[in-house]
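One structure below.
The values are calculated or read from the model by the stated rules, or taken from the named source; none is laboratory data. Treat the numbers as computed from the prediction; the structure is a model and nothing was measured. With ideal geometry, Cβ positions are generated from the backbone for all residues, glycine too; neighbour counts draw on all protein chains shown. Surface areas here come from the heavy atoms of the whole protein model, side chains and all, with no ligands, DNA or RNA. Shrake-Rupley method; radii C 1.70, N 1.55, O 1.52, S 1.80 Å.
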Amino acid sequence: MSSKFESSIRQIDAPQAKVYETLSNLQNLERVKDRLPEDKLQNLTFDNDSISLEVAPVGKIAMRIVEREEPQTIKFESVDSPMHFNFWIQLLPVTDETCKMKLTIKAELNPFIKAMVSRPLQEGLEKMADMLQSVKYDG
């Protein structure tokens with residue numbers, strides 16, 4: 001059974017193209033590594049197209065970028081995780097200097113698992129949106 005989780009829509013004070021450029025190359029995560037909650041996330045590794053981390057209490061999660069639609073969408077797919085899911089970042093321009101962002105996860109979850117992970121997944125999505133919203137995209 002497919003379940004969808006979405007973050008709230010966030011305003012980012014940077015041009016859509018600049019935000020896309022930053023987020024579509026995962027090596028740019030180096031600049032936000034220090035903002036990640038170490039009690040929840042460990043062993044973060046990444047390269048241009050993939051990311052791997054351990055999330056308490058879920059375990060190891062790995063994703064890779066499967067599609068880039070410049071400048072509005074970056075789509076990921078799980079490659080090594082306890083459940084199969086897709087994750088995407090959507091960016092829409094507001095003005096020349098600002099854009100909106102929404103994060104979405106779509107996962108195959110049975111009703112029992114969904115009941116257990118819905119709240120932590122939604123909270124995690126909002127925390128990730130907080131972190132991405134706070135990145136300095138101008139360099």
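Legend: translational diffusion of the chain by Stokes-Einstein, Rh = Kirkwood radius over C-alpha pairs, 10 °C, 1.306 mPa s; D = 103 µm²/s. Of the solvent-accessible surface of the chain, computed with a 1.4 Å probe and all protein chains present, 52% belongs to carbon and sulfur.
Estimated at 0.36 nm per residue, the fully extended path between Ser2 and Asn25 surpasses their Cα-Cα distance by 5.5 nm. Once the Cα atoms are used to define both axes, helix 111-134 deviates from the longest principal axis of the chain by about 20 degrees. Ligands, DNA and RNA are left out, and with a 1.4 angstrom probe the accessible area of the chain is 58 Å² per residue. Beyond 19 Å in Cα-Cα separation lie the following of the pairs Lys102/Lys127; Lys18/Lys75; Lys75/Lys114; Lys18/Lys100; Lys106/Lys136; Lys18/Lys136: Lys75/Lys114; Lys106/Lys136.
When only Cα pairs below 8 angstrom with a gap of at least 6 residues are kept, the chain shows a relative contact order of 33 percent. Using the Cβ-Cβ distance between Arg68 and Lys106 with R0 set to 22 Å, the FRET efficiency from 1/(1 + (r/R0)^6) comes to roughly 0.80.
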